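Note sheet for the following structure.
The values are calculated or read from the model by the stated rules, or taken from the named source; none is laboratory data. On a predicted model such as this, the values are computed, not experimentally measured, just so you know. Cβ placement follows ideal geometry from the backbone for every residue including glycine, while neighbour counts extend to all protein chains displayed. Remember, those area values only see protein heavy atoms, side chains included, never the ligands or the DNA or RNA. Shrake-Rupley method; radii C 1.70, N 1.55, O 1.52, S 1.80 Å.
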2 protein chains.
Amino acid sequence: MAEFIPPGTRWFDLPSPFPMKRGGALQGARLAYETWGRLDAAASNAVLILTGMSPDAHAASGEADPAPGWWEWMIGPGKPIDTRRWFVVCVNALGSCKGSTGPASADAATGEPYRLAFPELSIEDGADAAAALVRGLGIQRLACVVGNSMGGMSALSLLARYPGIARGHVNICGAARALPFSIAIRSLQREAIRLDPRWNGGDYDDAEHYPENGMRMARKLGVITYRSALEWDGRFGRVRLDSERRDDDEPFGLEFEVESYLEAHARRFVHRYDPNCYLYLSRSMDWFDLGEAHGGDIARGLAAITGLERALVIGVKTDILFPIQQQEEIAAGLRDAGCATRFLPMPSPQGHDAFLVDEERFGPAVAAFLRALPCTAVNDKVA
Amino acid sequence: MAEFIPPGTRWFDLPSPFPMKRGGALQGARLAYETWGRLDAAASNAVLILTGMSPDAHAASGEADPAPGWWEWMIGPGKPIDTRRWFVVCVNALGSCKGSTGPASADAATGEPYRLAFPELSIEDGADAAAALVRGLGIQRLACVVGNSMGGMSALSLLARYPGIARGHVNICGAARALPFSIAIRSLQREAIRLDPRWNGGDYDDAEHYPENGMRMARKLGVITYRSALEWDGRFGRVRLDSERRDDDEPFGLEFEVESYLEAHARRFVHRYDPNCYLYLSRSMDWFDLGEAHGGDIARGLAAITGLERALVIGVKTDILFPIQQQEEIAAGLRDAGCATRFLPMPSPQGHDAFLVDEERFGPAVAAFLRALPCTAVNDKVA
């Protein structure tokens, strides 16, 4: 998968051994990240971005890599996350296959890929790794941590485990715990991969022995739950494929535009993502529960987040995977924890993935929040 | 699959040849059905029930088969569909494997199962077959046709193709056309079956060479979309399986109650449903569009339904597969067509399948509608 690591990637060596929450430790592990803008002398202008499950660290173009990133319209000079003012760091999640250490990485002890010998991965491990990177960059306190989707889980974990690590927080389509509908969807995605004979208990390669069918199924189910029925009604309706785009010899083959759209998404994904990494990160989301140490009480889990000054929590009304009630819950909990919190329910039709595409709504919201965020902490101002 | 045909089943021989909408014809085809109650002398008290994709005709217990049916609380003496007053007929859909002719049935020409040689199946074919049964039972006009889910599509097709065939109509979680989200879900279910090597282009058997994995995946995805996130939050939350119900040697195996629930549902389904029948019926729903002959204009398609006097259209707010906007659309169209129509949006938490389980809401609603339905037609009364 090495060819899919963006050229602007930088690496941070995690402390070794790096202990994992559910047991075991990583030796010689590292995090892949990219940065934009410049850290100021007081190291007070850093914005950390924690991503969803599949993105790499290349969130935007920059000097080291001019290719557009996955959040190109959000990050850059004069953009909502304005790199003239902020030093922006985007991390590739621990356990991913886009540069950070994960199941597809070589185990230093054997020189072979970890595969299923990788220790059980939790959202908390990703948060610990991100915290180590922040400290390693010389940052005592982030101006803001931004987390999308799985990154929203990681950000809450980071804030809870490292009180005061950030002054501001933007949580987008995140969750303080996994709910059964989302667990069911992810369980089915994992089963599709596991049932593919080429998965072979995790022992495959990137070429002929790659579980392509399982990954295609998992990705299609993902895309179905990342978008929304409403969006597709307007976008595809009941439009059929042209006859030249159909294979009429294939029984029950593709016929509607929406089927072709899913197929195209799936084809772009397979062979560009490692199946074992997919399984590990998927399961880590199921396990996440900020109320775990509080008898399942999310409110108490959120109340443990101290030292956060301002938060913006955004949910999307058409999101079925991280439904908007979950962001309402986060906002209420942060407010109770004493943080000045704004909850923004977005009417975007695009579902969970709206934050990737609905520039008109998400851009101004994030821009306004960051514009109002003081460069130094409230407490620092007094000094 | 013969062992899964309920013992109370009766058969009706369809006209032979029976022409199919998309081409071809069936020879010697038949419909499986069950009845409850007695047809009155004027043949004016018949209630026809058209089912969703998977149920058989055994909707309720009766003299010929005392086993509880899939709508046991709805049909019977003193129940909402009161068999002391109504002669109730439930049809197993054309193309199914529960008694009616379908891809798993023997082709009279060869003596072998049709498999993929079965002609393309449409909702309209099912409606034509149901109309033939109604006439064959000596019924000129139904008191009411009740359709659930796919049966709601079939009922609308029946009403549009046979003006005046029913005085009353109850449409539950139905749709006047398939929308892209539902098409996407069904497409993925079909792909799971088709990708299973044991499906083998439709040539499998019921034992060793049965595409069990594909059918399990299809059924799990079905159950996910038949119920709702809200119901599962209350029902399963984040409850884990007891250690004795877990297989810790299975990587990424079942861990949460919701995963076990899906697995149990899937196991009850496989080997009890024919995969080719599943593919045919699933695709027939994608194709259904009551606006097809009217440039895709559903309102005009519904306006073609004449002679219907009263309708009850029920939708469920948590239904993601046949979302409630689709039932609103049906109700509006029937009203415009001159039918006295009541639209009932149900707050049931159970999603699409609520009509199978939410007795407290659906029972009284259907009972009240049928109680108010005159035994003879408005026009007949004058005569």
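Numbers below:
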| item | result |
| --- | --- |
| Test item: Cα-centred dipole of the stretch B:182-279, Lys/Arg +1 and Asp/Glu -1 on Cβ, debye | 540 debye |
| Cα gyration tensor shape for the stretch B:273-383, rounded if a/c is under 1.5, else prolate or oblate | oblate |
| Contact order relative to length of chain A, as percent, for alpha carbon pairs under 8 angstrom and 6 or more apart | 18 percent |
| Percent breakdown of C-alpha pair distances by 20 Å bin, ordered from the shortest bin, for chain B | 29, 59, 12, 0 |
| Neighbourhood net charge (10 Å Cβ-Cβ; Lys/Arg +1, Asp/Glu -1) for B:Pro80 | 0 |
| Copies compared at B:Gly24 - label distances in nm, ascending, label defined 7 Å from Cα in the Cβ direction | 5.1 |
| Accessible surface buried upon A-B contact (total; probe 1.4 Å; Å², nearest 100) | 4300 Å² |
| Rounded, prolate or oblate (a/c below 1.5 giving rounded, otherwise prolate when a/b exceeds b/c) for the stretch A:182-279 by Cα gyration tensor | oblate |
| Orphan Cys of chain A, criterion: no other Cys C-beta under 4.7 Å | A:Cys90, A:Cys144, A:Cys173, A:Cys339, A:Cys375 |
| Probe 1.4 Å, accessible area per residue of the protein assembly as shown, Å² | 37 Å² |
| Of A:Glu259, A:Glu208, A:Glu191, the one that fluctuates the most in a GNM where chain A has Cα springs shorter than 10 Å | A:Glu208 |
| Net charge of Cβ neighbours under 11 Å - reference A:Ala106; Lys, Arg +1; Asp, Glu -1 | -1 |
| Acute angle (nearest 10 degrees) that the helix B:150-161 long axis makes with the longest principal axis of chain B, alpha-carbon atoms | 30 degrees |
| Candidates A:Asn148, A:Asn213, A:Asn92, ranked by Gaussian network fluctuation over chain A, Cα under 10 Å, top entry | A:Asn213 |
| Gain upon complete extension [B:Glu328, B:Ala67; 0.36 nm per residue less C-alpha separation] | 90.4 nm |
| Diffusion coefficient, µm² s⁻¹, Stokes-Einstein with Kirkwood Rh over alpha-carbon pairs of the protein assembly as shown at 4 °C and 1.567 mPa s | 46 µm²/s |
| Antiparallel DSSP beta bridges within chain A, as percent of all bridges there, nearest 5 | 30 percent |
| Global form of the stretch A:288-330, assessed from the alpha-carbon gyration tensor, a/c cut-off 1.5 | oblate |
| Estimated FRET transfer efficiency when R0 is 35 angstrom, pair A:Ala106-A:Ala368 (beta carbons, to 0.05) | 0.20 |
| Estimated inter-spin distance, B:Leu116 and A:Trp11, nm [label 7 Å along Cα→Cβ] | 4.8 nm |
| Per-residue average of Cβ from other chains inside 10 Å of A:227-234 | 4 |
| On Cα atoms only, tilt of B:275-287 relative to the major axis of chain B in degrees | 50 degrees |
| For B:Leu116, label point 7 Å along C-beta direction: distances to other copies, nm | 3.3 |
| Between helix B:324-336 and chain B: long-axis angle, C-alpha atoms, 0 to 90°, nearest 10 | 10 degrees |
| At R0 = 41 Å, FRET efficiency that the Cβ-Cβ distance of B:Ser243 and B:His294 yields, to 0.05 | 0.10 |
| Label point 7 Å beyond Cα along the C-beta direction, distances from A:Ala372 to other copies (nm, shortest first) | 5.0 |
| Antiparallel %, DSSP beta bridges [both residues in the protein assembly as shown], to 5 | 30 percent |
| Net charge contributed by nearby residues that have their C-beta within less than 14 Å of B:Ser282 (K/R +1, D/E -1) | -1 |
| Centroid-to-centroid separation of the stretch A:73-99 and the stretch B:309-362 [C-alpha atoms, Å] | 46 Å |
| Max mean-square fluctuation residue, GNM over chain A, Cα-Cα springs under 10 Å, options A:Ala178, A:Ala41, A:Ala331 | A:Ala41 |
